[in-house]
Amino acid sequence: MHSPIFSLEVFPPKSHAPVGTIYDTLDGLEEVNPDFISVTYGHGALHDRTLTARIAHTIRHDYQIPVVAHLTALYSDERTVDEALGMFHKAGVSGVLALRGDPVDGNEPCGVFAHASDLAAYIHKTDPGMKIFGACYPECHMEASCLEVDVDNLKRKVDAGVTHLITQLFYDNADFYRFLDLARAKGIDVPIEAGIMPVRSAKSVNNMTKRNGSKVPSAVEALVERWGDDPQSLCQAGIVYASEQVCDLVAHGVDGVHLYTMNRPALARRIWANVEHLFTVSD
Ligand code: FAD
């Protein structure tokens with residue numbers, strides 16, 4: 001176990017890609033030696049509900065790496081959650097990241113779990129041994145009226161049984177420190193891992209702004225402006241920027257860093273090579 005915690009996130013291959021491509025990702029991540037890998041869960045009503053569990057099983061049993069399975073609430077009811085938990089147990093997961101998920105046009109939500117806290121409470125009640133992770137938003141969730149309200153809602157999620165939080169990506173550590181102070185002041189005392197996603201392309205930065213409302217600080221704008229048409233240089237700059245973010249977070253005593261790998265192991269390896277010595281190994 002590293003101190004602070006160092007974890008990675010992968011997603012199941014897109015439906016048009018062969019499921020075997022996940023092995024290329026996992027082979028490439030082996031030397032990073034994370035404390036755990038989390039596996040995302042599809043959203044909407046129509047995705048393959050077994051995919052996350054199958055990949056979690058591979059990570060746990062073929063690579064011997066602890067694994068956390070994501071699970072979304074909006075399109076789940078008690079039966080599908082029970083089924084998912086059964087599959088996750090068989091896969092040997094160390095925990096479940098309980099999420100609300102986002103509405104998908106044309107798909108009517110099940111109407112059973114409105115918020116992640118409802119899903120967390122259900123898991124806590126029906127599967128008390130399962131460790132429950134939750135998501136949080138240093139720049140405020142897009143739908144919340146302000147950070148104060150969002151953190152009040154986050155406290156409900158922790159009160160419902162969440163014992164470990166992972167943040168949405170952010171590019172400005174000052175936003176994380178502000179959020180952390182507020183969360184601690186509101187009595188949220190569980191570990192909070194900082195989510196870091198390296199800048200890869202101008203398009204990916206724009207997508208993140210649109211999808212999550214992530215602010216793009218002038219330092220990131222400058223990278224995109226200078227190397228937006230030169231993907232290799234932008235990627236290199238993104239690795240340096242993310243490594244500096246991690247270095248500053250560790251210097252400030254962060255509980256953990258969760259790297260969004262985007263299934264690009266080379267990026268994760270290069271960032272890890274830059275920061276590895278800042279993470280000590282404890283029992
Ligand atoms: P919630 O905690 O339910 O919050 C959503 C909104 O509701 C917020 O504005 C909050 O303030 C408000 N709220 C929360 N509780 C209450 C309450 N009790 N009463 C009133 N308001 C409330 N999506 C996927 O589809 N699959 C994934 O695998 C996935 N992984 C993710 C991993 C991380 C680390 C993060 C940060 C996000 C991930 N997401 C994933 C995206 C996530 O589903 C969306 O960000 C979604 O919009 C919110 O999910 P949540 O669990 O934070 O929701």
For this session: With the checklist (1) crowded, with 18+ Cβ neighbours inside 10 Å; (2) farther than 21 Å from F133 by Cα; (3) touching an Asp or Glu at 6+ places or on another chain (Cβ under 7 Å); (4) not hydrophobic (A, V, I, L, M, F, W, C) in hand, flag the one item H43 doesn't pass.
Result: (2)
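From the set of residues in the stretch 1-21 that are within 17 Å of the chain's Cα centre (by Cα) and closer than 14 Å to I55 by Cβ, which is farthest from the ligand (Cβ to nearest atom)? Can you show your working first?
Here is the first cut: in the stretch 1-21, the residues within 17 Å of the chain's Cα centre (by Cα) are 4-13.
With the extra rule that they be closer than 14 Å to I55 by Cβ, the set shrinks to 8-13.
Numbers: L8: 12, E9: 7, V10: 10, F11: 7, P12: 9, P13: 14 Å.
Here the residue is P13.
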Problem set entry | Cβ-Cβ under 8 Å pairs, at least 6 apart or on other chains, the stretch 139-158 side acidic (D, E), far side outside any helix (DSSP H, G or I) and more than 6 Å from the ligand (Cβ to nearest atom) | E139/F170; E139/G213; E139/S214; E139/K215; D150/Y137; D150/C140; D152/K186
Exercise. Do any residues in the stretch 93-107 that are at pLDDT 95 or above have Cβ atoms under 8 Å from those of residues that are more than 12 Å from the ligand (Cβ to nearest atom) and assigned to a loop (DSSP other than H, G, I, E, B), where the two are at least six apart or on different chains, and which pairs are they?
Worked result: S94/P66; S94/K131; G95/M130; G95/K131; V96/M130; V96/K131
Exercise. Applying the selection to the stretch 78-101, what residues are charged (D, E, K, R) and within 16 Å of the ligand (Cβ to nearest atom)?
Worked result: R100
Problem set entry | Per-region count, the stretch 141-165, residues assigned to a helix (DSSP H, G or I), over 17 Å from D181 (Cα atoms) and within 6 Å of the ligand (Cβ to nearest atom) | 2
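The values are calculated or read from the model by the stated rules, or taken from the named source; none is laboratory data. What you are looking at is a predicted structure, and each value in this text was computed from that prediction instead of being measured. Because the Cβ atoms are built from the backbone with ideal geometry, glycine has one as well, and the counts that use them run over all protein chains shown.
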